[in-house]
């Protein structure tokens, strides 16, 4: 039986609505690939997919969204969408409280918190949909390179594919230092890379369905690359949470050998490079300079 046939026989939802916030402004390092991954993994299971591009005046179009995604962007784009996100705060909160799953990457992670502070742009207030705050200290070291994160034992994200995989991999490029409030927990512990602040040993922020009084899953992370093609377990947990309206449903498995091979190769390559050697290399310094010009 195919995954699509299994989905139909299990009585799964037959329609998925993905709301992509500011798709033109916030699409750094291939973040749009996360949308493609969610859409393909749903369609392979026989689920029709609707992707809605969402701008400042599109609050009503968030109604009925199953998954909400916001990506990363350059500093000028992050500043430009800040006020628009404030305008969307209530429709976004309503959609999440109705069970939509939220995934926010890099600038989106920072912008959806309570505030982002930097000597370059001052303070950018956020809607507080993620219980985090971010500072970019003057002269702060930039964190650039591959990153691997270990999920906590028993994490439902790790168990979502039935194989118990506990690692998430991606690429970070940021100078922000993000701290978590009491209603969020880290996505995981850093194995390779720097993570939220380079000191705590943790990366990302997660509020599971029901945490902080909101029904929907919320995840913020610095992992670009894009994130989801190399992490099918995380992609499926976002899908399962959104389709289940905050109560993750069981998805029929997919043949993910290629995805897990890419996952392993990425982690193995960055383990071999070792971040300290990478940052001292000529190509590492060039990447750092480029990163400083195009994003936080």
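The numbers here are math on the coordinates, done by the rules we state, and not lab data. The structure presented is a predicted model; accordingly, all values stated were derived computationally and were not measured. Cβ sites come from the backbone with ideal geometry, for glycine too, and all protein chains shown count toward neighbours.
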Tell me, in nm to one decimal, what length is gained between residue 114 and residue 97 on full extension, where the rule is 0.36 nm per residue of separation less the Cα-Cα distance?
-> 4.3 nm
Name the shape class, rounded, prolate or oblate, that the alpha-carbon gyration tensor gives for segment 143-269, where a ≥ b ≥ c are the square roots of its eigenvalues, rounded holds for a/c under 1.5, and otherwise prolate holds if a/b is larger than b/c and oblate otherwise.
-> oblate
Ranked output for segments 172-185, 107-120 by mean other Cβ atoms within 10 Å, highest leading, reads 107-120, 172-185
For labels at residue 260 and residue 43 in the simple 7 Å Cα→Cβ model, what's the distance in nm?
-> 2.5
Please give the contour-minus-distance gain from residue 56 to residue 249: 0.36 nm per residue of separation, less the Cα-Cα distance, rounded to one decimal in nm.
-> 66.4 nm
Virtual spin-label span in nm between residue 80 and residue 152, 7 Å along Cα→Cβ | 3.9
Where q = 0.10, 0.22, 0.23 Å⁻¹, what log10 of I(q)/I(0) comes from the Debye formula for segment 31-142, counting one point per Cα?
-> -0.32, -1.26, -1.35
What FRET efficiency, computed as 1/(1 + (r/R0)^6) with R0 = 30 Å and r the Cβ-Cβ distance, is obtained for residue 14 and residue 89, rounded to the nearest 0.05?
-> 0.45
Calculate, in nm to one decimal, what residue 189 and residue 24 gain on full extension: separation in residues at 0.36 nm each, minus their alpha carbon distance.
-> 56.2 nm
The rounded separation in angstrom of the Cα centers of segment 63-128 and segment 198-238 is 15
Which order, highest average first, do 218-231, 80-93, 28-41 follow once you tally other Cβ atoms within 10 Å for each residue and take the mean per peptide?
-> 218-231, 28-41, 80-93
Cα-based Rg then Dmax for segment 3-294, in Å, read 17.9, 57
When ranked by the protection proxy of mean other Cβ atoms within 10 Å per residue, highest first, what sequence do the peptides 142-151, 95-104, 248-257 form?
-> 95-104, 142-151, 248-257
